[in-house]
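One structure below.
Read the figures in this text as sums done on the coordinates, not as results from a lab. These figures come from a predicted structure and were not determined experimentally. FYI the Cβ positions are ideal-geometry reconstructions off the backbone, even for glycines, and counts take in every protein chain you see.
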Amino acid sequence: MPVNGKTKHDVVTEFRNAEILEAARKVFARNGFRGASVEAIAQEAGIAKGTLYLYYSSKTEIYWAALKNGLVALCQELKKQVEAAQEVDDKIRAYLTTKLSYFEHHRDFFRIYYAEFGNAIAHPDEFQKDCRELYYQQLCILKDILAEGARQRRTRDLNLESIAFAVSEVTRSAITQRLLGHSNTDMQEDIEFLCDFIWKGIARQ
């Protein structure tokens, strides 16, 4: 009998797919795209190679699905936490905290995400449309926060898109420093620094 519109088969399929994508992120993070194989992903997921092919037809398809799945989860969590915050500075803090925490707890995802992000700069046409749109969703969340600050006259009159890109890049740099082991502070200290740094740059004096 369907539960919440889903049959038992649907639930099992979703669960198995989630296991495959989690395994794929680990294998791609460990071996890179070229060094990864469908066999290794199936082994990591604890399933037969033939079973994996029931879900995805190629290594490339698995790769993009794993990346998109992680981006969807990140965007959903960002929206949830930002919407729950009341004040503009709290929304910025929620954005930073959520993003740093997500990558801190999903290091395998960080590796394939930023590998592909870097490749997208050099070869923008190869960056899949869905992943590009999910990246811009993160920028839109920032732009909405900044627009709200401008309406409340709490932030200076600035180019919203330029500032959103700048905040995104500063955040990415902090994540990179942490996950490469170049930061000797704990995550909360990094968040406090980023909040102070960003707010001083955009707040109306």
**OP:** Could you calculate the contour length gain from R132 to Y114, that is, 0.36 nm times the residue separation minus the distance between their Cα atoms, to one decimal place in nm?
**Re:** 5.2 nm
Subject >> Efficiency of FRET between E169 and F33 - r from beta-carbon atoms, R0 25 angstrom, step 0.05 >> reply: 0.55
**OP:** Multiply the residue gap between D157 and Q205 by 0.36 nm, knock off their C-alpha separation, and tell me the result in nm, one decimal place.
**Re:** 16.1 nm
Original post:
What is the pair-distance distribution P(r) of the stretch 65-202, computed from all Cα-Cα distances in 10 Å bins starting at 0, with each bin given as a whole percent?
Top reply: 11, 43, 35, 10, 0
Original post:
Given the Cα-Cα distance of A85 and W64 and 0.36 nm per residue of separation, how much length would full extension add, in nm?
Top reply: 4.4 nm
**OP:** Would you calculate a helix-derived [θ] at 222 nm for the chain, using -39,500 (n - 2.57) for each DSSP H run of n ≥ 4 and dividing by the full residue count, to the nearest 500?
**Re:** -26000 deg cm²/dmol
Original post:
Among L179, L96, L71, which one shows the biggest mean-square fluctuation in a GNM of the chain, springs joining Cα atoms closer than 10 Å?
Top reply: L179
**OP:** Could you tell me the distance between the Cα centroids of the stretch 147-171 and the stretch 74-108, to the nearest Å?
**Re:** 16 Å
Original post:
Which one of R34, R178, R25 has the biggest mean-square fluctuation once the chain is modelled by GNM with Cα springs under 10 Å?
Top reply: R34
Subject >> Nearest-0.05 FRET efficiency for T176 and V72, computed from C-beta distance (R0 25 Å) >> reply: 0.70
Original post:
With charges only on Cβ, +1 for K and R and -1 for D and E, what is the dipole size of the chain about its Cα centre, in debye, rounded to 20?
Top reply: 160 debye
Subject >> Projected label distance in nm at N184 and Y53, using a 7 Å step from Cα toward the beta-carbon >> reply: 5.3 nm
Subject >> Pairs from K26/K200; K91/K129; K26/K80; K129/K200; K79/K129 whose Cα-Cα separation, in the structure shown, is over 32 Å >> reply: K26/K200; K129/K200
Original post:
Which helices count as membrane-span-like in the chain under these terms: full DSSP H, at least 27 Å along the axis by C-alpha, Kyte-Doolittle mean of -0.5 or more?
Top reply: 59-84, 129-151, 160-179
